[in-house]
């Protein structure tokens, strides 16, 4: 299944750990706080569990959205896809 993960995490360390975890699950950064990719049902459950352990549910939020293939194909991208990231981090 295709996923879109969007988050707002206030703590820099937690935000960095969450991004690394999402990459470990094979997702790709599409914006600074957004990742997308394909996972199977078990990896989906594991990813949700990992996210819940990394964030403070009182102050942070993570949206894990399942998308159908058609949903993803109909997206509109304006600007540079991938969040402007290179190997050194974000390009500003």
Practice problem: Could you list 76, 64 in order of exposure, starting from the residue whose Cβ has the fewest other Cβ atoms within 10 Å? | Solution: 76, 64
Exercise. Under 1.5 on a/c is rounded, so check that first for the chain, then, if it is not, pick prolate when a/b is larger than b/c and oblate when it is not; a ≥ b ≥ c are the square roots of the alpha carbon gyration tensor eigenvalues.
Key: oblate
Exercise. Only Cα pairs under 8 Å and at least 6 apart count here; give the relative contact order of the chain as a rounded whole percent.
Key: 41 percent
Quiz item: Sorted from fewest to most neighbouring beta carbons within 10 Å, what does the list 25, 35 look like?
Solution: 25, 35
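All of the numbers you see were taken from the coordinates with simple rules; none came from a lab. Since this is a predicted model, take the numbers as computed values, not measurements. Here the Cβ is made from the backbone with ideal geometry for all residues, glycine too, and neighbour counts use every protein chain on show.
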